[in-house]
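Engineer: This is the structure I want to talk about, given as structure tokens.
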Amino acid sequence: MKRRIITTGDGSKTIQIEDWDEQYHSKHGAVQEAYHVFIAHGLRLFNNTNVNILEIGFGTGLNAFITFLEARKQQLKVDYVGVEAFPVSMDEVGELDYCSQLNANEYQQVFDVMHKSRWEEKIAISEDFSLHKQKKDFRDINEANLFNLIYFDAFGARVQPELWTEEVFEKMFRALKKEGVLVTYAAKGSVRRALQAVGFTVERLPGPPGKREMLRGIKK
């Protein structure tokens, strides 16, 4: 499918899949959306020093990178697992230029290592941040009671409804520890009902720019 780099509403870039009219991040603001959904309503819930994170859709690496930056501020130790079936090319990574957008040019090497590191191998990005990229279908995830936080950032249900089912969310629920949290930009009623059906306590929260709401599920 044809792909191109576009500039979003906050000046940051993302990848658009033209055949689907779908973006990796919000066209209203890639960086704004990532911080609002995954940091403000996800990572900042955790004050403990060790956080295990699963990202569904490693994609451009933006969510992993801002988590690295935020974890340094919060003095968190993060074990980060990013699952992706179709990795982004290094040419696309270079065009996105997220380090400049985030005023984090001193961490350009960190961002590059996140993308250049081998798949299926856990590496130390820093003393307090490890990354384990896994190239596989989201439906092949079978971990149990391992993660504190899930970033559910798959392509939207409009284009990939099979990723927003009770079957998939059951795997997410099982992968979380007790009191674990799943955050997603999605707000569709069908998604909320699927989350509730597998056991999540679901909150509707104010959405990022361009979206009225988003969802957060907690494993009580």
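Engineer: As an exercise: evaluate Gly59 against (1) in contact with a strand residue (DSSP E or B) (Cβ under 7 Å, 6 or more places away or on another chain); (2) within 25 Å of Asn142 (Cα to Cα); (3) not acidic (Asp, Glu); (4) not in a helix (DSSP H, G or I) and give the number of the one condition it does not meet.
Structural biologist: The one condition Gly59 does not meet is (1).
Engineer: Quick one: in the range 162-197, which of the residues that are of a type in the set (Val, Ile, Thr), outside any strand (DSSP E or B) and in contact with a strand residue (DSSP E or B) (Cβ under 9 Å, 6 or more places away or on another chain) is farthest from His28 (Cα to Cα)?
Structural biologist: Result: Val168.
Engineer: For Asn148, all conditions in the list (1) touching a strand residue (DSSP E or B) at 6+ places or on another chain (Cβ under 9 Å); (2) assigned to a helix (DSSP H, G or I); (3) buried (at least 16 other Cβ atoms within 10 Å of the Cβ) hold save one; what is the number of the exception?
Structural biologist: (2)
Here's the yes/no breakdown for (1) under 16 Å from the mean Cα position of the chain (by Cα); (2) more than 23 Å from Leu62 (Cα to Cα); (3) buried (at least 22 other Cβ atoms within 10 Å of the Cβ):
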residue	(1), (2), (3)
Glu143	no, yes, no
Thr165	no, yes, no
Leu176	yes, no, yes
Ala187	yes, no, no
Ala197	no, yes, no
Leu215	yes, no, yes
Ile218	no, yes, no
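Engineer: Oh, and also: Does Leu131 satisfy the criteria of being out of contact with any Lys or Arg (no Cβ under 6 Å at 6 or more places or on another chain), under 19 Å from Leu45 (Cβ atoms) and either open to solvent by less than 80 Å² (accessible area, probe 1.4 Å) or in a loop (DSSP other than H, G, I, E, B) (or both)?
Structural biologist: No, not satisfied.
Engineer: Of the residues that make up the range 97-112, is at least one among the charged types (D, E, K, R), modelled with pLDDT of 95 or more and open to solvent by less than 30 Å² (accessible area, probe 1.4 Å)?
Structural biologist: No, the conditions are met nowhere in the range 97-112.
Engineer: Return the only residue of Val37, Val51 being more than 19 Å from Arg3 (Cβ to Cβ), touching a residue at least 60 places away in the same chain (Cβ under 8 Å), open to solvent by less than 40 Å² (accessible area, probe 1.4 Å) and assigned to a helix (DSSP H, G or I). Explain how you work it out, then say what you get.
Structural biologist: Details: Val51 fails: assigned to a helix (DSSP H, G or I).
Checking each option against the conditions leaves just Val37.
Engineer: Return the pair list, or none, for Cβ contacts closer than 6 Å from residues in the range 194-220 that are at positive phi to residues that are at pLDDT 95 or above, at least 6 apart or on different chains.
Structural biologist: Partner pairs satisfying both residue conditions: Gly199/Phe173; Gly210/Ser26; Gly210/His28.
Engineer: Got a sec? Which of Gly82, Gly94, Gly9 is touching a Lys or Arg at 6+ places or on another chain (Cβ under 7 Å) and either part of a helix (DSSP H, G or I) or surrounded by fewer than 18 Cβ atoms within 10 Å (Cβ to Cβ) (or both)?
Structural biologist: Gly9
Engineer: Give the residue, chosen from His115, His132, that is over 30 Å from Gly189 (Cβ atoms), modelled with pLDDT of 95 or more and touching a Gly at 6+ places or on another chain (Cβ under 7 Å).
Structural biologist: His115
The values are calculated or read from the model by the stated rules, or taken from the named source; none is laboratory data. These figures come from a predicted structure and were not determined experimentally. Using ideal geometry, Cβ is built from the backbone for each residue, glycine included, and neighbour counts are taken over all protein chains shown. Accessible surface is based on the protein model in full, side chains and every heavy atom, while ligands, DNA and RNA are left aside. Shrake-Rupley method; radii C 1.70, N 1.55, O 1.52, S 1.80 Å.
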